[in-house]
Amino acid sequence: MHHFNYRDEELYCEDVPVRTIAEEVGTPFYLYSHATLLKHFRAFDGAFGDIRHLTCFSMKSNSNLAIIRLFAREGGGVDIVSGGELFRALRAGVDPKKIVYSGVGKRAEDLEYALESDILMFNAESEQEIGLLNDLAGKLGKKAPVAIRVNPDIDPQTHPYISTGLRENKFGIDINRSLEEYTTAAGLSHLRVNGVSCHIGSQLTQVAPFVEAMKKLLELIGRLKEAGVEIRYLDLGGGLGITYDREQPPHPEEYGRAIKEHLNTGDVTLILEPGRVIAGNAGILVTRVLYTKSTSEDKRFVIVDAAMNDLMRPSLYGAYHGIQPVSLGGKESIKADIVGPICESGDFFAKDRDVKPFEPGELMALMSAGAYGFSMSSNYNSRPRVAEVMVRGDRYYVIRARETYEDLIRGEVIPDFLKEGRKAL
C-alpha cells in the first residue's frame, strides 16, 4: 500500500502532482510519501504491540534526518552500522537508549563515540571486537552493553549479495561456538552481556527462515541461562521483503504472528530492525527523459537524467524497479532499455522493458526506491547528489537540498607545489 496514484492520468504523491514538484525542484529527485512511511511503520510496530518489543529502523536503508525523526516521534529506535549513522540518529532526536549498533567492522573511534552516547546495545560480531570493546569501555570507566551476533547458517533464499546468515557470509559468530564466546565475554570486567542478535538477510519473502532462526536463538538463550548468562534482549534483525515486481511477501501481521507463536522467553524484550519493508515502497525516484534512440530495428534506448550513481540497485543486483510515466498516454507500449548518462554499460534501470514510448522532456517515476536508493548514492562522474522531497497531504518539503558543483569539491585542496605554472623544460 502506498500513496502514489494517478488522477486524471497524472501521477500524484498524496495530494500533490509529481509534475508540480519536478517543475519547481528540478530532476532527478527522490520523493517520499509521509502517509506511506507512517502507515508502514505503524503496521510493522503494531504487529508486535501486545508484547515487549522495540522497533529499530535500519538506517542503512534510508538515513535522511526527517525520516528518522518521523519514526523517533512514533517511539521507534534505530539500528546503526557506523559512527556517521549514530551522529545522524542523535541529530534527528533518537533516544540513545533506543539505538543498537550493528556491523562487522566497527572502528575504535566509533565504538568510543557510541559508548560516550550511552546507546542501548552493541551487536558484536567477532572475538577481537569483543575484546576491543571491553578495553575501550574500561578506558572510559563504563560497562558496555553487548549482544553477540550469531550466525545460524540459515539460507534466507534471497540474492547472494544480501544474504547474511549463511556460514560462508562474513557476519556474526558461528552459533555452534557462540556459547564459548558468550562465556568469555561474560567474564570480562567492562562488558554487560545482555543480548542475543541475529540477521539472516534482506528482501526475504517467506516467514519460515525467520522462524527457523528464532528457534535456534531461543535454544541458545536457554543454554546461556543454564550457564548463568541472563539475556534481556533478543534482536531478530530485519529483512522482511516488499513487492518490487511479482513478489508476494508476508504482511507484517503474518510475520508478527509467526514470530510470537514461538516466542516464549519471559522477560526478554524483542528487538526488530525493519528497513526496506517500511521505506521501500514509500519512495520513488523521479527523472526526466533526455533523449531516445535506436541502435537497430529492435533495440531502443530511453536515456534519462538519473543514473546508476543515483540508484545503483539495478546495476549492483540486477534489481527490478517498476517504470511508470508521470503522465499517462494512450500510445501502445514499446520494448526499450532505460539508461542513464554515465559512461558505463552497467548504467541502466531496466532492460528490454515494455514501457510507453517516452519522448524527450517527459517525466518518469522509478518505483519502490525509498530504501537503499539515496543512501547508496554517490558522486560518480562528478554528479551532484539529487534532492530529497517529502509530501505530507497537499504540501511538499525539500528535506535534502540538491548538491551543487561547489559541494563536489568541498574539502579538496590543491597543494602549494601544484599552484605554480608549468615549468619550462
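No value in this document is a laboratory result; all are computed from the given coordinates. The shown structure was predicted, so the numbers you read here are calculated from the model rather than taken from an experiment. Glycine also receives a Cβ, built like all others from the backbone with ideal geometry; neighbour counts cover every protein chain displayed.
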Open item on the list: Can you compute the charge dipole magnitude of the chain about its Cα centre, using +1 on each Lys and Arg Cβ and -1 on each Asp and Glu Cβ, nothing else charged? Give it in debye, rounded to the nearest 20.
Closed with: 460 debye
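For the residues Glu129, Glu359, Glu212, what sequence is obtained by ranking on other C-beta atoms within 10 Å, fewest first?
Glu359, Glu212, Glu129
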- [ ] Evaluate the relative contact order of the stretch 34-276 (contact order divided by residue number), counting alpha-carbon pairs under 8 angstrom at least 6 apart; express in whole percent.
- [x] 20 percent
TODO: Highest first, please rank the peptides 337-346, 275-284 by the mean number of other Cβ atoms sitting within 10 Å of their residues.
DONE: 275-284, 337-346
Open item on the list: Using each residue's phi in the stretch 304-309, evaluate 6.51 cos²θ - 1.76 cosθ + 1.60 at θ = phi - 60° and report the 3J(HN,Hα) Karplus result to the nearest Hz, with x for Gly and Pro.
Closed with: 10, 8, 8, 8, 4, 6
Task: the stretch 288-345: antiparallel DSSP beta bridges as a percent of all, rounded to 5 - done: 65 percent
Task: For the stretch 122-131, Karplus couplings with θ = phi - 60° (6.51, -1.76, 1.60), whole Hz, Gly/Pro x - done: 9, 9, 6, 10, 7, 4, 5, 5, 4, x
- [ ] Label the stretch 34-276 by shape, choosing from rounded, prolate and oblate, from the square roots a ≥ b ≥ c of the eigenvalues of the Cα gyration tensor; if a/c is under 1.5 it is rounded, and otherwise prolate applies when a/b is larger than b/c, oblate when it is not.
- [x] oblate
Open item on the list: What does the extension gain come out to for Ser345 and Glu226, with contour length at 0.36 nm per residue minus their alpha carbon separation?
Closed with: 37.1 nm
Open item on the list: Would the chain count as rounded, prolate or oblate if I go by the C-alpha gyration tensor, calling it rounded below 1.5 in a/c and otherwise prolate when a/b exceeds b/c, oblate otherwise?
Closed with: prolate
TODO: Would you work out the relative contact order for the chain, in percent, from Cα pairs under 8 angstrom that are 6 or more residues apart?
DONE: 19 percent
- [ ] Starting with the fewest neighbours, write out Ser63, Ser378, Ser58, Ser197 ranked by other beta-carbon atoms found within 10 Å of each beta-carbon.
- [x] Ser378, Ser63, Ser197, Ser58
Task: Nearby lysines by direct alpha-carbon distance to Lys225 (threshold 25 angstrom, same-chain neighbours under 8 apart not counted) - done: Lys97, Lys98, Lys142, Lys143, Lys215, Lys216, Lys260
Task: Farthest positive-ward along the chain dipole, Cα basis, beta-carbon charges - from Gly280, Ala306, Tyr396 - done: Tyr396
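Counting Lys and Arg as +1 and Asp and Glu as -1, what is the net charge of the other residues whose Cβ lies under 14 Å from the Cβ of Thr292?
Spelling it out: positives minus negatives among the neighbours equals +4.
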Task: In nm, spacing of pseudo-spin labels at Thr243 and Glu297 (7 Å Cα→C-beta vector) - done: 3.9 nm
- [ ] Return the loop-located trypsin sites (Lys or Arg not before Pro) in the stretch 57-163 (DSSP other than H, G, I, E, B) with at most 12 other Cβ atoms within 10 Å of their own Cβ; answer none if there are none.
- [x] Arg107
Task: Relative contact order for the stretch 307-419, counting Cα pairs under 8 Å that sit 6 or more residues apart, in percent - done: 26 percent
Open item on the list: Looking at the chain only, what percent of DSSP beta bridges run antiparallel? Nearest 5 please.
Closed with: 50 percent
Task: Whole-Hz ³J(HN,Hα) from phi, Karplus 6.51 cos²θ - 1.76 cosθ + 1.60, for the stretch 340-356, glycine and proline x - done: x, x, 6, 7, 8, 5, x, 8, 9, 10, 7, 10, 6, 9, 6, 9, 5
TODO: Please report how far the C-alpha centroid of the stretch 92-127 lies from that of the stretch 269-308, rounded to the nearest whole angstrom.
DONE: 32 Å
- [ ] Just rank Val268, Val302, Val286, fewest to most, by other beta-carbon atoms within 10 angstrom.
- [x] Val268, Val302, Val286
Task: Percent antiparallel among DSSP beta bridges (both partners in the stretch 34-276, rounded to 5) - done: 5 percent
